[in-house]
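Here is the structure we will look at, set down as structure tokens.
Just so it is clear, none of the values below were taken in a lab; they were calculated from the coordinates. What you see is a predicted model; the values in this text were computed from it and never measured. Positions of Cβ are backbone-derived with ideal geometry, glycine not excepted, and every protein chain shown enters the neighbour counts.
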Amino acid sequence: MAKFNINTDISSEELNKSPLRQLWRHFKENHVALVGLWFFIGLTILATLAPVIAPYGVNQQHTDALLLPPSWDDAGDVRFILGTDDLGRDVLSRLINGTTYTFGLAILTALITTLLGVVLGVFAGMSKGVRSSILNHLLDVTLSIPSLLLAIIIIAILGPGLLNTVWAIILALLPQYIHSVRNLVVQELSKDYIIAQWLDGANSWHILSRGIFPNIYEHIVVIFTMSLSTAILDISALGFLKLGAQPPTAEWGAILSENLAFIYLAPWTVALPGILLFFSVLATNLVGDGLRSALKKRKAI
Amino acid sequence: MALEYIFRRIILLCFMLLLLSIFTFSLSFLFPGDPLNNLSGVQNISFHESDALSEKYKLGHSILTQYFSFIERISHGDWGISFASQEPIFDHIVALFPATLELALYALLASIIFGIPAGITSAAYYKKWPDKIINTLTLLGYSTPVFWLALLMIMFFCLQLGLLPMSGRVSLLYEIPDVTGFILIDILLSDVSYKFNAFIDAIKHLLLPTIVLSTYPTMVLIRFTRDSMLEVLEKNYIKTARAKGLSRSQLIFRHALRNALLPVIKQIGLQFSTLITLAMITEVIFSWPGIGRWLIDSIYQRDFPAIQGGLLAVSTFIILATVTADLMHSLFDPISRNQTHGKI
């Protein structure tokens, strides 16, 4: 008796909620991803408030405390929780400030890439015929140049420096981004409801804003997390290669390479920035993965 | 059918190489400094040399003539000379590229050997503990910066345990004549008395860079194989086979594996781009005398002709590898040939 079928089971009740709510519910179930999200939020706060939180200035030198080990070590000093480097700078303050450079700049980079990538990707996806063919071939060529090599070439043209690194990484990430967005758009364009809209006489803008965007923006967030983790890795890698942030900028990769000479004497100055890098990329990947599986689960209902 | 497909791919290849050459050519004008210096690699050009060089590089002529003369020079192996060493760039590349290639190939091999079985296991035990363990490890591997991993390895294996050497290709004690550029093959080809010791030593030198370099591609392959396998396991013919009562191992090895591994072939070809990128960092850390380290050094020294040559060589190699993998994929998988007809 269909008409007495009162919705008592969870799955049909679940269907009545908004898609975003459903997504959050699925995401919440994944505790590891949730931890990643908290870590991510924490890093973002740290990146914005770094100078306020840090106990000492970035380049403030304590000549009485050179290469001090972390405070839990016997030789450590409680004033410098994570120890000091060879110039007597507090490692904790430098690492906190480094969040702004490595993590904050990576977010900025990924955001700009998203903006450009979505515009160009939609354009590539919506165009047809020769124009689309040429665009795709151009993309294929740029995709075949390794992203770091492309970034390095751009840095060779612009000269080393943190801001140039950001431009270089944006340009290096862009082809991949355009490619992914284009695929999303093309996939969505071939669906029946879009064809129905075309037949109803909707124009391109209408289809884009009402049909395609509401259906792909969550996937774009997933691509965003992917490019964010690449951006973090690339900024720090270029900093490590001394092509990005120049000392005394407290970028994590630059701190790492600066202290490489003391790897025997002061291993914590090398290990700590690496651990932070690792955790920030891990948090980003966890959020991205959690989001992706939540999207998949919602689709499966 | 297959011939037509190959023909189309070759046209695509030519188009890609054309675009790449245009990009490389334009770099001599984009780089800071005088295009004449950047093109020729001669740094202090005297007045009467300048005329001769301008004539050689057709600088007075239209941009099209310059481009064609560039192509002609490239195809003859005249890639200009390096600012830093004042030696022909082409010789540098020929000498250095095999070292990078060797490292990248072993890393690729390692990632195939570990990645694909791990991916299959993970898919076979979907959502059970082997899958969870492999998934966690993949996530950790994805998130490790390659230079940090390399430093940790050096700290542990070289500095703490003293088991493995931390830089170079082979100990300086062993003198190996350069024949192919691949150190292991060179050692086998040479007729020195310390062949065996040198071989062991070279393997020891290779071990750490290969592990570091193969980490990321392994993770990519695990994920890709797992996803591809899971997709195939959802297909109807697998369900039919299951309904007939086949065991899991029969299902996977007889029916699912072949179809699941087809896209993986293509993915392996795409790994070269990642491998070369990571090889650049790995080479710098392990002082591996390859093209990546040379390129990074060229940037420190603002050696523009060298950067240009390196880009051309590396990218050409990657394009060739990608297209070859694509062709292989389509030879094994006839369905993929139809899909690409008329659209990319």
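Values as computed for the structure displayed
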item: Likely footprinting exposure, A:204, B:143, B:54, fewest C-beta neighbours within 10 Å first; result: A:204, B:54, B:143
item: Residue-span extension gain [residue A:183 to residue A:87] - 0.36 nm each, minus C-alpha spacing; result: 29.5 nm
item: Span from the region B:277-311 Cα centroid across to the region A:247-301 one, whole angstrom; result: 25
item: Per-residue [θ]222 nm for chain B (sum of -39500 (n - 2.57) over DSSP H runs n ≥ 4, rounded to 500); result: -24000 deg cm²/dmol
item: Shielding by partners, peptide B:138-146 (average Cβ within 10 angstrom, other chains); result: 6
item: Likely footprinting exposure, B:16, B:229, A:126, fewest C-beta neighbours within 10 Å first; result: A:126, B:16, B:229
item: Of B:213, A:222, A:245, farthest towards positive along the dipole that unit charges on Lys, Arg, Asp, Glu beta carbons give the protein assembly as shown; result: A:222
item: Chain B: most fluctuating residue of B:82, B:249, B:190 per GNM, C-alpha cutoff 10 Å; result: B:249
item: Kirkwood hydrodynamic radius (C-alpha pairs) into Stokes-Einstein, the protein assembly as shown, 25 °C and 0.890 mPa s, D in µm²/s; result: 90
item: Helical segments meeting 30 Å axial Cα length and Kyte-Doolittle 1.0 threshold in chain B (DSSP H); result: B:2-30, B:89-124, B:257-286, B:304-332
item: Taking A:218, A:251 and counting other C-beta atoms within 10 Å, the order from fewest to most; result: A:218, A:251
item: Shielding by other protein chains, A:115-121, mean Cβ within 10 Å; result: 0
item: Region A:204-301, dipole about Cα centre (Lys/Arg Cβ +1, Asp/Glu Cβ -1), debye to the nearest 20; result: 600
item: Net +/- balance of residues flanking residue B:221 in space, Cβ distance below 13 Å, scoring K and R +1, D and E -1; result: +2
item: Counted charge near residue B:256, where neighbours are those whose Cβ lies closer than 14 Å (Asp, Glu -1; Lys, Arg +1); result: +4
item: Phi-based couplings in Hz for region A:74-79 (Karplus 6.51, -1.76, 1.60; Gly and Pro marked x); result: 4, 7, x, 10, 6, 5
item: Inter-site label distance for residue B:48 and residue B:64 at 7 Å from Cα along Cβ, in nm; result: 3.6
item: GNM result for chain A, Cα springs below 10 Å: residue of A:290, A:211, A:129 fluctuating most strongly; result: A:129
item: Dipole magnitude of the protein assembly as shown, debye to nearest 20 (Cβ charges: Lys/Arg +1, Asp/Glu -1, about Cα centre); result: 3220
item: Potential extension, residue A:217-residue A:200 segment - 0.36 nm per residue separation minus Cα distance; result: 3.7 nm
item: Alpha carbon centroid spacing (whole Å) that separates region B:142-182 from region B:83-126; result: 15
item: Cα gyration tensor shape for region A:67-153, rounded if a/c is under 1.5, else prolate or oblate; result: prolate
item: Inter-chain Cβ neighbour average for residues A:158-164, partner chain, 10 Å; result: 1
